[in-house]
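Q: Just dropping this structure here.
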Amino acid sequence: MSFVELLARLGGMGRFQVTYVAALATPLLMLASHNLLQNFTAGTPAHHCRARPAANATAAGVPPVVSIPLDGHRRPQSCRRYVELQWHLLDVNGSADAAANGTAAGAATEPCRDGWTYLDGIFTDTIVTEWDLVCDSKKLKQVAQSIYMAGILLGSCLFGVLSDKCVLPRRWTGRNWEELGGTGRFGRRVLLTWCYLQLGATGVGTAAAPSLLIYCVCRFLTGLAMAGVSLNSASLCMEWIPTEARAVVGTINGYCYTLGQFVLAAVAFGLPRWRQLQLAVSLPFFVFFFYSWLYVESARWQVSSGRADLALRGLRKVARINGRKEEGDKLSEEVGRGLGPL
């Protein structure tokens with residue numbers, strides 16, 4: 001008997017499968033949020049150099065026109081300021097061309113040495129404004145996103161291998177893994193549960209990061225967990241779904257990810273501060289972590305791992321939820337061991 005035929009006997013696309021798809025698809029809404037999060041948390045507002053303090057006034061009391069040269073669009077330059085304050089630009093008797101252009105021709109300029117002033121706009125509180133990721137440091141914003149994507153790349157390789165085969169060396173335990181009661185493999189459910197927890201914890205760590213370095217480390221670990229959630233969610237989902245329903249279920253999962261992009265935009269509009277937004281898209285993974293303990297491990301994977309008894313227990317649970325308890329009671333470990341391909 002093939003596994004597909006067995007699923008059909010136990011209810012096909014029944015109550016268990018529908019609930020399972022919904023439970024696994026909901027976290028996908030938040031995966032899109034993490035992938036696109038830096039579009040909002042690393043937004044760059046309009047900015048210019050902080051004015052050089054005058055002898056008898058603070059930097060806040062110095063008009064920008066005498067400290068910041070204008071660019072070709074008559075806006076304050078972002079990364080340069082005058083070495084000396086150009087007070088004559090305020091003088092009605094000053095050069096007509098200088099007054100018209102708002103610049104002092106030939107005046108020496110220098111990089112921003114006292115920080116930047118950020119103007120109010122769409123982005124008012126981001127990692128850019130907090131750690132001054134502008135001008136010479138603006139590349140660090142792309143570096144942070146690249147580190148996150150590197151975490152996804154590594155996680156795709158790591159969790160793909162761990163979910164199928166992971167044998168602990170004897171030197172770690174003094175005994176073989178099988179002697180300890182394990183199968184030498186983690187499986188989909190255990191790793192998915194761990195990735196939910198890791199994603200929530202590192203997301204909160206990112207929101208509390210005191211420096212860009214800690215921020216990047218937490219984002220890297222978030223990327224690792226992100227890949228684990230994506231891979232193991234797909235495996236668990238498809239291995240419990242009848243073949244004829246897999247295309248529809250895959251489409252639903254894709255739409256959930258797309259819908260998550262709209263959710264992120266709405267949440268970002270309501271939470272303009274980057275730390276609050278980071279928390280809002282990370283805390284739900286603790287909820288996913290707690291209810292993931294109710295997931296049923298893939299019976300097909302358990303059979304391939306030599307755990308027919310556990311597979312049989314999972315299949316009977318599925319039969320009970322789908323209202324096919326009698327069919328589940330008829331199953332035996334021999335049926336589990338004799339399962340054909342998916």
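Read-outs throughout are calculated quantities, based only on the coordinates presented, and are distinct from any laboratory measurement. It should be emphasised that the depicted structure is a prediction, and the values quoted were computed from it without experimental measurement. FYI the Cβ positions are ideal-geometry reconstructions off the backbone, even for glycines, and counts take in every protein chain you see.
Q: Give the peptides 140-146, 225-231 in descending order of average Cβ contacts within 10 Å, highest first. If you can, show how the numbers build up before the last one.
A: On the way: 140-146: 16.1, 225-231: 24.4.
My ranking of the peptides, most packed first, is 225-231, 140-146.
Q: Here is a further query. Just to check I understand the Karplus step: with θ = phi - 60° and J = 6.51 cos²θ - 1.76 cosθ + 1.60, what whole-Hz values come out for the stretch 134-147, glycine and proline as x?
A: Residue by residue, the stretch 134-147 yields 10, 6, 5, 9, 5, 5, 5, 5, 5, 4, 4, 5, 5, 5 Hz.
Q: Shifting gears a bit: Give the long-range amide H neighbours of TRP116: residues separated by 5 or more places, or on another chain, with amide H under 5 Å away, using H modelled in the peptide plane at 1.01 Å from N.
A: ARG50
Q: Where in the stretch 231-268 does the label zone of THR19 land, with the point 7 angstrom along Cα→C-beta and an amide N cut-off under 19 Å?
A: Flagged as within label range: 236-242.
Q: Show me the ranking of peptides 114-121, 274-281 by mean Cβ neighbours inside 10 Å, starting with the highest.
A: Details: 114-121: 13.8, 274-281: 21.1.
The densest-packed peptide leads the list: 274-281, 114-121.
Q: Residues in the stretch 258-302 near a label at LEU158, defined as backbone nitrogen under 18 Å from the 7 Å Cα→Cβ point?
A: No residue qualifies, since no backbone N sits under 18 Å from the label point.
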